[in-house]
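The values are calculated or read from the model by the stated rules, or taken from the named source; none is laboratory data. All of these numbers come straight from a predicted model, not from anything done at the bench. Backbone-built Cβ (ideal geometry, glycine too); neighbour counts: all protein chains shown. When the accessible area is computed, the model is the full protein with side chains, heavy atoms only, and any ligands, DNA or RNA have been set aside. Shrake-Rupley method; radii C 1.70, N 1.55, O 1.52, S 1.80 Å.
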Amino acid sequence: MFANALLMLPDFGTILLGALLARRFAFQRGFWDGAERLVYYVLFPALLFNSILNAQFSLATDSLLLGAGVATLLSAVALGFLARPLFGTQPALFASCVQTAFRYNSYVGLALAQSLFGARGVALLALILSVCIPLANLVAVTTLARHGKTNLLRELVTNPLILSTVGGMVAHSAGLQLPGFASSFLSRMGAASLALGLLCIGAGLAFRTVKDDPRSLTWFSFVKLVATPAVAVAITWLLGLRGTEAQVVLLFAALPTASSAYILAVRMGGLAAPVAVLITVQTLVAMVTLPLWLTFVRF
């Protein structure tokens, strides 16, 4: 566990640096808003597209890993949606916050995959992301659109994460080879997205209290950080995945929720404040739970 924690320390340290810069130095909220938009709409889509395009994976040989990732995501969705019958969660709160039970922070995931498993880990996680990003965003956008009565099709076809992952998969399947200068250009933007994305996560941490339905909010975090990783362990064991493959699936399952969940809630007229708190709580708690889960799966 200590070794895992040390490997993750630079990435989580970057998050804490972002929190420090936003609160103790002259980096105003407007700066971070612009940085978040840059990462969300430009840098991170470039990273996703380039990672998926250049990833060394095969749907034939890595189908079990992909199936485990999708099954894990669908389990998280099902568990998150149990909040309505279990706690009678108010529709507005549910539509805004249920996404935090099954969406995951890809910035943190790819940074940790690189630190823990190298290029092979990044390739395997990119394969999972290529399918699960569109799927998770589809569920989140559909839930918010039904509540806010916004145009679902428009939200889906303009989502930069969906467009970049689908584009990357199509290009990878077609065997597209980018010219050297284009590949280097996307690589530089992708590298910038990880550091800047982690800083923005830290800057966006919201240290406030929310009194809206604490049982539902606790449930969403429990599902994301405890129940879903436990399900992932069972799925990888049943499918016979071992080694790096099993650890990548568990890394995916144990990630804190996506920081873009806040952006989506704001853009689609949801309740932003409880989403911000859930992102903060899950990001901080994951600094402890992620090393624990990865240590557990190695045994």
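Share of carbon and sulfur in the accessible area of the chain stands at 69%, probe radius 1.4 Å. In this structure the chain gives 43 Å² per residue of accessible area when probed at 1.4 Å with all protein chains present.
Across all C-alpha atoms in the chain, the radius of gyration and Dmax reach 18.0, 55 Å. With the simple model of a label 7 Å out from the Cα in the direction of the Cβ, Val226 to Thr289 spans 0.8 nm.
Show log10 I(q)/I(0) for region 95-217 at q = 0.16, 0.18 Å⁻¹, two decimals, from a solvent-free Debye sum over equal Cα scatterers. These q points yield log10 I(q)/I(0) values of -1.01, -1.21.
Build a GNM of the chain with springs between Cα atoms under 10 Å apart, and of Ala101, Ala232, Ala55 the one that fluctuates most is Ala55. For the chain, what relative contact order do you get, as a whole percent, if you take Cα pairs closer than 8 Å and at least 6 residues apart? With pairs under 8 Å counted, the relative contact order is 35 percent. For Tyr104, the residues whose amide H sits under 5 Å from its own are Ala258, ignoring neighbours fewer than 5 places away on the same chain, with H placed 1.01 Å from N.
For Leu271, the amide hydrogen comes within under 5 Å of the amide hydrogens of Ser96, counting only partners 5 or more places away or on other chains and with H modelled in the peptide plane. Loop sites by DSSP among the trypsin sites (Lys or Arg not before Pro) of the chain, restricted to those with at most 15 other Cβ atoms within 10 angstrom, leave 1-148 as the longest stretch without any of them. Return the single residue from Ser184, Ser130, Ser51 with maximal mean-square fluctuation; model: Gaussian network over the chain, springs between Cα atoms under 10 Å. Of Ser184, Ser130, Ser51, the Gaussian network model singles out Ser184 as fluctuating most. May I ask you to derive the relative contact order of region 161-297, considering only C-alpha pairs under 8 Å and at least 6 residues apart, and to give it as an integer percent? So the answer I get is 29 percent.
The 3J(HN,Hα) values that the Karplus relation (6.51, -1.76, 1.60; θ = phi - 60°) gives for region 84-91 are, in residue order, 4, x, 6, 10, x, 4, 4, x Hz. Gly and Pro appear as x.
Plainly put, region 203-299 has a radius of gyration that is 1.04 times its Kirkwood radius, both from alpha-carbon atoms, as the Rg/Rh ratio.
Under a Gaussian network description of the chain, with springs only between Cα atoms under 10 Å, the residue in Val285, Val277, Val249 that fluctuates furthest is Val285. Rounded to the nearest Hz, the phi-derived 3J(HN,Hα) couplings of region 12-17 under the Karplus curve 6.51 cos²θ - 1.76 cosθ + 1.60 (θ = phi - 60°) are 5, x, 5, 4, 5, 5, where x marks glycine and proline.
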